[in-house]
Amino acid sequence: MRKNVNVVAVLFEEINTLLKTIDRKIDNQHQKLEDAATKADLPSEKIAIEKTFLLTSRNLSVLDQKLNQLSVSVQESEDQIRSGFESVLSTLRDQENERIARHKRQLKLKSRNVIMAFVFLFLLFTVSLIGNIYQRNELTRMSDNDLKYRYIKMVGGINAEELSKLEDMFHINKDKELIREIRAEVKKFERDKQEQIKDLERK
């Protein structure tokens, strides 16, 4: 592109020089015509005029050729500029498309990571919930067994039939209201027992 610009500059300089030369020659011929009119030597001046027109025609032909070369160089420069501009636009479009595609891949990867995190948290919550339920059931079972033992100790022992009824009440057909009553009786019995022990110790 820089080469074409240099060529155009050279052509402009040549055309400018050629135009100045033509102007000088026309001025000289004009001066000669004025001198000829003064001397009235028409035949020789006619020949000079014809030579001048012939030279001017040649110079104009050269000028036209230079102008054609200049037009071609300008057109080539425009084509190269247009081609370079289109190449830059194409590169920018490719970079933008690549950036958009990379952004989509990152969003897809982030979305997948978010989904995996949610799945992991859900599984963790489910396992924790199941563990808490199991632990609560175990604590309830141990508490019930402890209450049964304390109740049997309170009543002074039970037979097999009474034990079967007690197991049914605590596990098979669990009666929460009756269990609360038994717990209250056991606690009251244990408090009374402790008071009796304290009274005996004070005596």
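Since every read-out is calculated from the coordinates, none of them should be taken as a lab result. The structure displayed is predicted, hence computed values, not measured ones. Using ideal geometry, Cβ is built from the backbone for each residue, glycine included, and neighbour counts are taken over all protein chains shown.
Give me the one-decimal nm value for the distance between modelled label points at Glu185 and Met142, 7 Å along each residue's Cα-to-Cβ direction. Here the answer is 2.6 nm between the modelled labels. Backbone geometry of the range 183-199 corresponds, through the Karplus equation with coefficients 6.51, -1.76 and 1.60 at θ = phi - 60°, to 3J(HN,Hα) couplings of 4, 5, 5, 5, 4, 5, 4, 5, 5, 4, 4, 5, 5, 4, 5, 5, 4 Hz, x marking Gly and Pro.
Three semi-axes describe the equivalent ellipsoid of the range 131-202; taken as square roots of 5 times the Cα gyration tensor eigenvalues and ordered largest first, they are 26, 16, 10 Å.
Between Ala117 and Thr91, what FRET efficiency comes out of the Förster formula 1/(1 + (r/R0)^6) with R0 = 35 Å and r the beta carbon distance, rounded to 0.05? Approximately 0.35, to the nearest 0.05.
In this calculation the C-beta distance from His171 to Gln106 is compared with R0 = 45 Å, giving a FRET efficiency of 0.20.
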